[in-house]
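We did not get these values from a lab; they are worked out from the coordinates using the rules stated. Every value quoted in this text rests on a predicted model; they were computed, and no experiment measured them.
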Amino acid sequence: MIALGAAAAGLSGGCSLLDQESRTQAAASTVPPTAAPTTSTTAPELLTPYTVVRGDTLIQIADRHGIHLNDLVRVNNIADPTMIFVGQILLIPPPPDPDAGPLLTIAPATDPVLPPLLPTTTAPPITAPGSG
């Protein structure tokens, strides 16, 4: 108890129980960092707010804004795309750049060479019991 009282008295008197290195680190951490200028090579993605009205569906909202349904669901972190509410505010991402081309291309299906069909053996005819 005496040690605790002495430590409290030392702190209130301006003394520190921290060693020199700890005091330097503590003093350095209290200095606010200077704001470095940020440079960006790409324009930030601007999201437009939209308030859901009665009768809206996500697919209608996506079509109205020229975006894909999956982008609308992803940006708004929607767990169930069938559940939106009147008054809910959705963030609408910008439409894709038409000059950028498709984001995903799927190669056309190729016809694999199938093995020839071999004749199958036929099972003997099934006769009803007692008809023989």
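Tabulated values for the structure
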| read-out | value |
| --- | --- |
| Contour minus Cα-Cα distance for residue 79 and residue 113 (0.36 nm per residue) | 8.0 nm |
| Convex hull volume of segment 48-99 per residue (C-alpha atoms, cubic angstrom) | 68 Å³ |
